[in-house]
Structure formats: structure tokens, C-alpha cells
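One structure below.
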There are 2 protein chains.
Amino acid sequence: MTPASKDAPAPAWAALRQHHAEAANLEMRGLFARDSGRARRFRLEACGLFLDYSRHRIVEESLERLRALASESGVSRAIGGLFTGAPVNNTENRPALHAALRYLGDGPFPSAAFDVMPEVRAARAKMRDFCLRLKTGRLRGVTERPLKTLVSLGVGGSHLGPALACAALEPYADAGIDVHFVSSLDGASLDRALQRCIPEETLFIVTSKSFSTEETLTNAQSARAWLKQRLGDDPAIERKHFVAITARGERAEAFGIDAGNIFPLWEWVGGRYSLWSAVGLPVAAFAGMDAFEALLAGAAEMDAHFRRTPAQANMPILLALLEVWYRNLFGAETRAVIPYDHALGLLPDYLQQLEMESNGKSVSRDGHRARVATAPVVWGATGSDAQHAFFQLLHQGNALIPSEFIVPLESQRPLPGHQASLLANALAQATVLMRGRTLEETRQSLKAAGMSEAEIDVWAPHRVMPGNQPISLLLYEQLDPRTLGALIALYEHKVFVESVIWNVNPFDQWGVELGKTLARAIRPAVEAAHKAGRRSKETLTDRANRLLDACSPDGY
Amino acid sequence: MTPASKDAPAPAWAALRQHHAEAANLEMRGLFARDSGRARRFRLEACGLFLDYSRHRIVEESLERLRALASESGVSRAIGGLFTGAPVNNTENRPALHAALRYLGDGPFPSAAFDVMPEVRAARAKMRDFCLRLKTGRLRGVTERPLKTLVSLGVGGSHLGPALACAALEPYADAGIDVHFVSSLDGASLDRALQRCIPEETLFIVTSKSFSTEETLTNAQSARAWLKQRLGDDPAIERKHFVAITARGERAEAFGIDAGNIFPLWEWVGGRYSLWSAVGLPVAAFAGMDAFEALLAGAAEMDAHFRRTPAQANMPILLALLEVWYRNLFGAETRAVIPYDHALGLLPDYLQQLEMESNGKSVSRDGHRARVATAPVVWGATGSDAQHAFFQLLHQGNALIPSEFIVPLESQRPLPGHQASLLANALAQATVLMRGRTLEETRQSLKAAGMSEAEIDVWAPHRVMPGNQPISLLLYEQLDPRTLGALIALYEHKVFVESVIWNVNPFDQWGVELGKTLARAIRPAVEAAHKAGRRSKETLTDRANRLLDACSPDGY
């Protein structure tokens, strides 16, 4: 697939810009006041997710013109290509088949001629077997004690997905298995986790597509040293206490890992889309393989919805179009993600990676400078906490910041009275952000509170809230594996639609290569400076100078 | 203090804008190439923190003009006011005396006429006594078992500071005390913490200035119910298993908390500036009162630096001016905070609150519309993780995003080889973000790798990196209480300087009031809709519609 260049200004962009110029002053409170059916009309349900998108600066015509842009950008054709194995990852000349990883039908995928399902199904069977052996105490370490604690060593796409899902599915844990995640190079990350582990019972899961990721391999080596120090220099340590998830099995074997403990990854799945593969092994081990397959089923359901539903009712397309609307027409530079669900505490981090690494590009698929802005900064925090942290800026700051409130009707762990308060807070914030409060309303409320006119003149301006901040409300019954799968797949497909409209490749990440290369190149100089400073007990300034001078910023 | 209106365009702003227009194309790699002394000249050390600010789009004149703006904005006078008890929180007519909380001298503070130190010192003594009794097992629950597990109930300013500091000072923990933090209304937050607690040994610390914060009091009530269910309906439960930190002691007493277990807060300290008060009790209990006082000492050292150092070498002023430079002259909408220190995982969240709640305002101190943009969105994640998550966008996205790398020379928990790799990564990223890679350099590197000219034509554009992203490198020896105190105080004062230049009050947060009020108002309707939907087993769409219709967005 070599897409036609979209770098030339397209008619749909022009029409959209004109509509925006006419509609830019759309004030939501006015739209609601003039249109009593609005609240009910801008709602959509799919795959266990309910979206209220009425609190946006849009009218029907905005959506029509956005859909025209999607159509002109070839979104339908691109979706077809995604699900049929076209090389949508064009700069690496590969398909992106994360949908195959959660395909639960019997047939081939993406096609009989190019069917990845036999290997996918074999990997799933191997995961199920592994989880069963773990759960029943048949996976044993070198001292024959059953393995009970997993330490996941991985970073980026090999970390955030499993960490998010384990935190989200904690109520499903039934096998008495503990999981720790170690991602950073900072020794404190591994060391703190190991403090909570019994070596005899600990299994390390090393996840790295290349089996050469610096962070992950450094941690794997230190983990091995920790085991050998405590259990003796037994060659069975690598065989019994390590599992690898990698596309480079030969490297894992060279590390000493048993072939039976190596789970596959494939070139056609990118790290940030890999939760659905054996990368999800910590999730399957922690929450059970059935829960993991329910996660896959939820994502597969979203795949079907995305593939088959007309744009008007297609949730990923709709969310993508709203993002394009604010990013490209209003120039919004960020989007906030606010889960009102304790279990989704890591969702903002996960989406930071998914969205910013996928679409944080400024060169189009065909090598030209992209003519429109691409991914915004995605940031956020859990709901009722965020109200007490940064909502002040959403209410009274300077920027247009669209946000998504992700709200369960029921908590995973209900306590009397809590959930109604949480829901009231989410809905109140969504309304206040949208409506704001005018100076006149503020004056009236201060007057009602007994303030004098002179005081009101002074204090009212500080309590005015401009409002008109857009919010998507995404509701669901209660977080379970299926809902989580649908939710993550929703965002994956949203990102894909945006990439088509922005004409960038969401599946590469060329921007991160040079930093890794340079880090390797300067490491000896850094290490020498670091050690010299430590030995000579220099002052902070001397040590810092020595270190900084060791890797001059002037040239590679 | 009624500051003169700064809403009129000031000469220093005009001069700065003119300099920016001339200097806007400053390319850092060129600045380094032409000026071999640059790297060494833009460095500064204070209070155990070493700042390299050479990787910024500045020349000496930029800093001179920024300092002129600070001067014209009255920064010196404002700093004087901050430390002498002037009502710098003008919209609430109060001083902001967080510096008093860490003042360790013998004299009065802020002045003999208005000396808050007697109460501050009394509170510190009470904290020390409490920690000693806890550590020695003399604090006992209703069954006479020593209390060993603390559950902190608080949100926003009553949560993020202690949570950050406990995570950061974990190596200092010596009393065998566990601490859990519960902030959210989501029942899962409290319930998950309680699963790890033994009721007989659990002490709840309820932190709320007003002792009426909905999240905190809801959690306190559920915690009490949990204790009573397990330990019987003994009135001593509130007396022995609860501590309060509040400015409204009478409300805590009405809850049943013993006066001896109530620690004071004062109107002159805002939530997000309160870590230094008894709000830090979980830190003192967990890491020891000596560590807590070292934290205070580090902050006090930064206070002295901030108060007495000329602008040229004043670190908070310098960081504030750099933020003003990018925010107001280049229009940067966000700033990234990247701690290369596992122990500072919560720092981005903490700074989100500190910076965005303080300066996320668009009305000036004197009630006019602010004429310049104020706080950007602050976001980020720990260093080596972030490289694998969102650095792609920093390297090849569309936006100017200044970032701060916060880098310890030594990890709190060193493992062989890890720290040199971590440092090499931080420095490599800082250099690549600054330098980028030109098309010509990219072509050369692909040629050296053996690619054909035709391939290079196709693939080189995807590997070009624009560079010129500004980075502050903040180095320190190793994270300890004193360094942490200095670091947090550095940001507090940076925020204060910005507020003076932007002419907003950093100590109020009027924007968050209406949401709370509305949440209370709609709660009965929300609860009714929530319960009705649950009882009748409606579909998701029916339940969501019922809930949304119960609180119409059209009007308060």
C-alpha cells in the first residue's frame, strides 16, 4: 500500500476550516439552551461503552464535515487494509496485525494466503498451559519450591500494557500469584521489587522483542546475579527462574532460558500494541487465562465494531474526529484523560505511550513534512484526585483542553455511599467545565451569600469561570476484562483513524533510535567520569562538571 | 499589599518581545558550535542542586531582558513580602507562610509582631513525640496491640506531598511502620488498602484543613465502619485509631478524635504548600522525625538562597524566567518533568498540582483579565521509562516542549552498572533533543550503514529530527531528605516568581469551588438514578441515560 500523497490541501480540509471559522464561537451552554434534544442526541453505545459527546463545541454540521474529511482521507480503505494484512506500517514495510492477536474465530486471519493464526493459537495454548502449571504449583524453582512471585522485566510497550491490565484486573486474581513490574534502569526499581521477593519462589519474565533492550537486559542480568548469590551458581537458575517473551528466541536461549519457557513475538506487532500477545503473560498469570481471553474478546468486539460500523455510529472514528477538530481547527495542544476509576490509574500513562509514540510525528507517510499538527500531549490522572490537583487550570486557565472522563457506574469494590458521590462529582465537573459561570451569575451568587456590592465588585472577577471546555463522558457498567479490552482497542483504533487523517505512520518510532545509539556511544565516557568523581569525593559542582564535560553537547 | 496594576503593557515586556523577535530563530546547536564556553557558563549550583541551563534557546541578552522583566514586575519586593508576612494571598487577604513551617532559627517568623513560630514549634514537638511513641510501640489500639500501619486519608494537598515524600524517602524508613495512602472517592482505593491492614494495628490519619473535604470524610467514615465491624462498637476506636490534621479541631473532636491526636493547620498555609506542617506526619512517622526535619532544613536552605541571592544566580528566579520565556514568548503550552530517579515517580503529579493549581488563573490579582498566558500544563514520567513511552513526540512531534531532567549522580539503591547506563541515557537524550539530526547527517549515517541512494531518498526523511527542544538538567548527589526539601522549595519559589510576573495570586483556587458545590447539589438525584438503574437491572444505555438525564447540563 503506497497511499497517495495527502500533502496537498484537500477540499474537505478547506470546507472544515470554513465551517470552523463560522462555528468557532460555538458556546455549548447556548447550544444546550436552544436545543432541548441535544443531550440525548449526542450519545452512542458500543461494546459495553457508552459515550456522551454532547459537551463538545460541535453541531451536526461539524460532524458531517469531519466525516467528509475522514472519507476523503481514505479512512474506510485504510481500515480495510488494517484488517486484511496490508503493510500499513509502510516505513517498515509490514502489516500491523494486533487484531489477529485477539481474533477468536476459527478461520484464518488476516487471510488464508497469509494466516498468522496457527502461531497465535499455539502461543495462546502455551500461555494457558503455563498459567495452569503456575496456578497448580507445578512450576518450580531450583529448590523445588513452587514459583509464586512474578517479576516482569520490560519497558515501554513491554511494561505499560501488562502493568495497566494487572492493576485493572486485580479483583480477578485467584491464583495467589504476586506480580511486580520493574522497568527503569534505576537500580532502585529492581531492588525495591526484590526486597519483596523470596528467591526460591521468584520467576522473572523478560519481555523484549529484540531481547537487547538495555533497560530490560540490565535488569535481567542483575536479577540473575541476585538469584545466583542466594541460590548458588546453578545453571538451572536460568532454565527454571526465567521466562522470555521475544522475537529473538536464540538470544534468550543464549542467556540460558529454556526453549520451553520462551514465548513468541512477531515483527508484525509493535510494542505498544502487544498487550494481546504473550506480552500479556503477567496478566494471564495474575488474573487467570480466562480473564485474559475475556480481555481479548472485548478487544475483538471493538475490532468488529470498528470494521463494520458506519462512521456516524463508529466510536473510534467519532473520538478521532473530535480530536482532529480540536487539534487541527482550534489548535489544542493537549488532551486530558481522567479515569474516575481507581483501577485505571495507569491509563493516562498507557495512552501517553499509545497516542504520542504512534502519532507524535511530523513527517508524512510519504516522506514530506506533515502539513497539519499531529498528536497532542496526552496527560491526566484519576478523577476525584485530579479535581483537587489540576482542575483549577481546566476551570480558570488559558487553554482549550478537551478531556475524557472515564466513569464506571459501579466501582470494582463498592463501599456504601462512595459511588454516588463519585458519580456526582464526575457529572458536576463535566457540567461546570462546559457551562462555566458568567460574571452576572457570579455576582448573583455572591449577593445571595450576603456580600455587599462593593465586595462583589472586588471578588466576583476571581470566581468567574469561562467554561466551554469540551468533555467526552465514557461510561461503563463496571471494569471487567471484557470492558478493559474494548476500551484499549477503542483507543488503538482512534489513534489509527487519526494517523490516516494526519497521513503519518502510527506503527514506527524512528525518533527514539538516535538517543539509544548515542547513549551506548557515550556510556564508557560517562562511566569513567562517574567513577572518577565518586572515587575522588569531589563536590557536586565538580562531579557534575566532570560528567557533563565528558559528553559534550557539541556533536555526536 | 495591593500591587499596582500590571495590566498595562510594561516596557520590559516590549523589550523582551523585541529581543524574542530578533532571537526567535536561535538554534542551540549553532550557539554551542560558535561559543566553546557556553556549556560551562550556563551552570549554577545551590542547596545541593546543580542546574545546567545551557540547552535553552537563550543568549546572555535573553536572560538580561528576562531579569529586567522580573525587576519591573516587582519580584524583589514580592519576595520580601512573602518572607515578612505580607498578605500575598490577596484574594483571601492572608499571608502565605509555608516558609515559617520550615524555619529552623530561634527567632520569630515572620516578625516579632506577628510570630507564628510558637505554634509551629509546638506542633513540631507534638509530631516528634507522636513519632517516638509510635516507633517504640507505645501508641496502641483498642486491643492494646501496638499500632504499626498508617493509612493516610487525604486528597490533593493533603495527599500528594506526603505520598511523594514517603516514596522518595523509603530508604530512611527505620521504624517498621507501613504507610498506605487513600485519596479517591472510589471505594476500591480504600478497600484495596484495608485488605493489607490488620484492624488492631491500624491508625488512620485524617488530613483535611476544613475537616469537611468530601473524599476524605467519606473515607474516614468507611474506615471507622471497617474498624467497628471488626473490633466492636467501642467509642475508644475513634480516640485510639484516628489522628486528625486540621484547622477545624472542633470538627475532628465531633468525629470522636481525641484532642491529643489532633494536629494543627492554619489559615496562612495552603494545601499544596502544607507538606512542611503536620500534614507531613505520615512522612515523619515513616521515615523518622529526623528525616522530616532534614527535609525542612533543605527547604529552609532554599528559602535563604531565594531570599538573598541576586537574580543572576537565583535558581528559582532563573527557572521561572525560562518558563516565562517559553510560555509567553514562544507560546509553549506544556512543560515536561522527567525524573531519572525511581524515588521521584510522583514528582510530575506533585508539580501538576503545585504549578497548575497555583498559576492556572486567567484573572489578575486586581481582578482584570490577565494579559499574558499563565501556567502551562505540567506533565511527565520517570526518565528511562519515558524514553520508551512518549519521547518519540518530543523528538519528532510538532510542539516546542521544554523539559526538565532531574538526575541523581547516585541511585538510592545502586546496582552494578545501572547508574552509568541511566546517566548515559539522560545525557544522550538531552543532547539529541537539543541537537536533533539534519537531513544531511541522516543521509550520511544511512549511507555509512550501507543503504543505497534510492533507499536513502525514501527513508531518510523519517529519521530526521528537528531538535532545538530546550532541556534543563538538574543534578544532585543522591536523593536524601535535605535534597528533596530543597527541590520542592525550588519549585514553590519558581511558581511564586512566575505568579508575580503574570500578576496572578498563586495561593487561591477559586476555580474548584463551584464543582464541589454542584456535586453536593446533584448528589441526591444522582444517587436516586444510580440506585434505580441498579435495582431494575437496566441495560447500560438505559442506566447511562437515566443517570445523565438526572443532572441536566442545562443550568445549575
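Details
- Conditions (1) within 23 Å of the chain's Cα centre (by Cα); (2) buried (at least 24 other Cβ atoms within 10 Å of the Cβ); number of the one not met by B:GLU513: (2)
- Residue in the stretch B:132-143 that is assigned to a loop (DSSP other than H, G, I, E, B), within 23 Å of the chain's Cα centre (by Cα) and at pLDDT 95 or above present: no
- Every listed requirement among (1) in a helix (DSSP H, G or I); (2) in contact with a strand residue (DSSP E or B) (Cβ under 9 Å, 6 or more places away or on another chain) is met by A:VAL500 save one, (2).
- Matching helices (runs of 4 or more DSSP H) fully within the stretch A:281-345 where at least 1 residues are touching a Cys at 6+ places or on another chain (Cβ under 6 Å) and within 20 Å of A:LEU104 (Cα to Cα): A:281-287, A:289-308
- Per the listing B:GLY154, B:GLY161, B:GLY176, the residue uniquely modelled with pLDDT under 95 and farther than 23 Å from A:CYS166 by Cα is B:GLY176.
- The listed residue being surrounded by fewer than 22 Cβ atoms within 10 Å (Cβ to Cβ) and closer than 21 Å to B:ALA122 by Cβ, out of B:TRP276, B:TRP266: B:TRP266
- Number of the condition not met by A:VAL512 [criteria: (1) hydrophobic (A, V, I, L, M, F, W, C); (2) in a helix (DSSP H, G or I); (3) out of contact with any Phe, Trp or Tyr (no Cβ under 7 Å at 6 or more places or on another chain)]: (3)
- Of everything listed in (1) among the charged types (D, E, K, R); (2) in a helix (DSSP H, G or I); (3) without any contact (Cβ under 8 Å) to a residue 24 or more places away in the chain, the single unmet condition for B:GLU45 is (2).
- Test: B:ARG308 is in contact with a helix residue (DSSP H, G or I) (Cβ under 9 Å, 6 or more places away or on another chain), farther than 27 Å from A:ALA188 by Cβ and not small (Gly, Ala, Ser): no
- The stretch B:152-171, residues that are farther than 18 Å from B:SER212 by Cα and touching a strand residue (DSSP E or B) at 6+ places or on another chain (Cβ under 7 Å): B:PRO162, B:ALA163, B:CYS166
- Qualifying positions in the stretch B:194-211 - of a type in the set (Ser, Thr, Tyr) and either under 23 Å from the mean Cα position of the chain (by Cα) or on the phi > 0 side of the Ramachandran plot (or both): B:THR207, B:SER208, B:SER210
- Taken together, the residues in the stretch A:223-237 that are without any contact (Cβ under 8 Å) to a residue 24 or more places away in the chain and either under 25 Å from A:GLU119 (Cα atoms) or among the hydrophobic types (A, V, I, L, M, F, W, C) (or both) amount to 1.
- Candidates A:GLU357, A:GLU410 - the one that is within 8 Å of chain B (Cβ to nearest Cβ) and either among the β-branched types (Val, Ile, Thr) or surrounded by 24 or more Cβ atoms within 10 Å (Cβ to Cβ) (or both): A:GLU357
- Look at (1) of a type in the set (Asp, Glu); (2) in contact (Cβ under 8 Å) with a residue 12 or more places away in the chain; (3) surrounded by fewer than 22 Cβ atoms within 10 Å (Cβ to Cβ) and you find that A:ASP191 fails only one, number (2).
- Filter pass, B:MET315 being buried (at least 24 other Cβ atoms within 10 Å of the Cβ) and either closer than 23 Å to B:SER54 by Cβ or of a type outside the set (Ser, Thr, Tyr) (or both): yes
- Restricting attention to the stretch A:361-375, the residues that are small (Gly, Ala, Ser) and under 14 Å from A:GLU333 (Cα atoms) add up to 2.
- Total residues in the stretch A:446-492, condition part of a helix (DSSP H, G or I), in contact (Cβ under 8 Å) with a residue 12 or more places away in the chain and closer than 20 Å to B:THR91 by Cβ: 6
- Here A:THR541 meets the list (1) at the interface with chain B (Cβ under 7 Å from one of its Cβ atoms); (2) crowded, with 17+ Cβ neighbours inside 10 Å almost entirely, failing just condition (2).
- Extreme residue, farthest from the chain's Cα centre (by Cα), among residues of the stretch B:369-380 that are more than 7 Å from chain A (Cβ to nearest Cβ) and buried (at least 24 other Cβ atoms within 10 Å of the Cβ): B:PRO376
- Verdict on B:LEU400 being closer than 28 Å to A:ALA370 by Cα, more than 7 Å from chain A (Cβ to nearest Cβ) and touching a helix residue (DSSP H, G or I) at 6+ places or on another chain (Cβ under 9 Å): yes
- In this entry, A:GLY383 passes the filter for residues that are buried (at least 24 other Cβ atoms within 10 Å of the Cβ), small (Gly, Ala, Ser) and more than 16 Å from A:LEU160 (Cβ to Cβ).
- A:PHE507 vs. criteria in a helix (DSSP H, G or I) and either in contact (Cβ under 8 Å) with a residue 60 or more places away in the chain or within 25 Å of B:ALA33 (Cβ to Cβ) (or both): no
- Within the stretch B:51-73, residues that are touching a residue at least 12 places away in the same chain (Cβ under 8 Å) reach partners that are among the charged types (D, E, K, R) and assigned to a strand (DSSP E or B) with beta carbons closer than 6 Å, at six or more positions or on different chains, in the pairs B:ASP52/B:ARG43.
The values are calculated or read from the model by the stated rules, or taken from the named source; none is laboratory data. Worth saying up front: this structure is predicted, and the values here are computed from it rather than measured. With ideal geometry, Cβ positions are generated from the backbone for all residues, glycine too; neighbour counts draw on all protein chains shown.
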